[in-house]
Amino acid sequence: MGIVAILAALALPSFQEVLDRTRADSVRMQLMSAFASARSTAISRRHAVSVCASHDGQHCTDDWSAGWLLYRDRHHQAQPADPAEVLYYQAGNSAGPVRARATSGRPHLRYGASGRSFGRNLTITLCVRGERRGEVVVNNHGRARSQSYRDHQPCP
């Protein structure tokens, strides 16, 4: 019994590292999918679509960890005009270990009918337990790319 306890204590830190990496990668890929879906929807429907962080699926916030929503943005609003404008909502887990924060001054991402993103580049940094684990970057052309970090870097 003692040997099993010692082996479990030795394996726990590496198992936690794998779980943290998997959780951050999952959020990173979900964000990539949401941005691709918003861009595709804007192009196919020929009207602006925005993506923003949201904790309830109705209002935009600044905590991407809590979730995000896609909405029709015909009048360039910072919030959905009414619940019927919301196209999709992905619930997050703000109580979980993964923190996702966007570039300051960029609370949402808006795609025009051409698929271009308006404004500056958007960077969402993913942190777990105070360490940077990845990021998602959307450029002005609307293309998203992501990167995961395996080395232990402090979160900005």
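The values are calculated or read from the model by the stated rules, or taken from the named source; none is laboratory data. This structure is a prediction, so every number in the text was calculated from the model and none was measured. Cβ coordinates were reconstructed from backbone atoms using ideal geometry, including for glycine residues, and neighbour counts include every protein chain displayed. Areas reflect the complete protein model, heavy atoms only, side chains present, ligands, DNA and RNA absent. Shrake-Rupley method; radii C 1.70, N 1.55, O 1.52, S 1.80 Å.
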Worksheet item: From the residues in the range 46-62 that are of a type in the set (D, E, K, R) and without any contact (Cβ under 8 Å) to a residue 60 or more places away in the chain, which one is nearest to Tyr111 (Cα to Cα)?
Response: Asp62
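Just checking, does the range 85-101 include any residue being of a type in the set (Lys, Arg) and within 20 Å of Thr41 (Cα to Cα)? Write out each step before concluding.
Let us first name the residues in the range 85-101 that are of a type in the set (Lys, Arg), namely 99, 101.
Adding the requirement that they be within 20 Å of Thr41 (Cα to Cα) leaves none.
No, the range 85-101 contains no residue that is of a type in the set (Lys, Arg) and within 20 Å of Thr41 (Cα to Cα).
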Discussion item. One residue is enough: does the range 126-141 have a residue meeting the conditions open to solvent by 10 Å² or more (accessible area, probe 1.4 Å), small (Gly, Ala, Ser) and outside any strand (DSSP E or B)?
Written reply: yes
Response to the item:
Flagged in the range 88-114 as in contact (Cβ under 8 Å) with a residue 60 or more places away in the chain, crowded, with 20+ Cβ neighbours inside 10 Å and over 27 Å from Asp20 (Cβ atoms), in numbering order, are Arg110, Tyr111
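Filter the range 43-62 down to the residues that are assigned to a loop (DSSP other than H, G, I, E, B) and either open to solvent by 70 Å² or more (accessible area, probe 1.4 Å) or out of contact with any Gly (no Cβ under 9 Å at 6 or more places or on another chain) (or both), then identify the one that is nearest to Leu87 (Cα to Cα).
So the first thing to find is which residues in the range 43-62 are assigned to a loop (DSSP other than H, G, I, E, B), and the list is 46-48, 54-60, 62.
Among the residues that remain, those that are also either open to solvent by 70 Å² or more (accessible area, probe 1.4 Å) or out of contact with any Gly (no Cβ under 9 Å at 6 or more places or on another chain) (or both) are: 46, 55, 58-60, 62.
Values: Arg46: 15, His55: 15, Gln58: 11, His59: 13, Cys60: 14, Asp62: 19 Å.
The extreme case among them is Gln58.
Of the residues Arg74, Arg143, Arg132, only one is closer than 22 Å to Arg39 by Cβ and at pLDDT 90 or above; which? Working first, answer last.
Details: Arg74 fails: at pLDDT 90 or above; Arg132 fails: closer than 22 Å to Arg39 by Cβ.
Residue meeting the stated conditions: Arg143.
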Discussion item. List the residue pairs whose Cβ atoms are under 7 Å apart, where the first residue sits in the range 137-156 and is within 16 Å of Tyr111 (Cα to Cα), the second is surrounded by 11 or more Cβ atoms within 10 Å (Cβ to Cβ) and of a type in the set (Phe, Trp, Tyr), and the two are 6 or more positions apart or on different chains.
Written reply: Val138/Phe35; Gly142/Tyr111; Ala144/Phe35
Fill in: Residues that are within 14 Å of the chain's Cα centre (by Cα) and either surrounded by fewer than 16 Cβ atoms within 10 Å (Cβ to Cβ) or without any contact (Cβ under 8 Å) to a residue 24 or more places away in the chain (or both), drawn from the range 63-87
Leu69
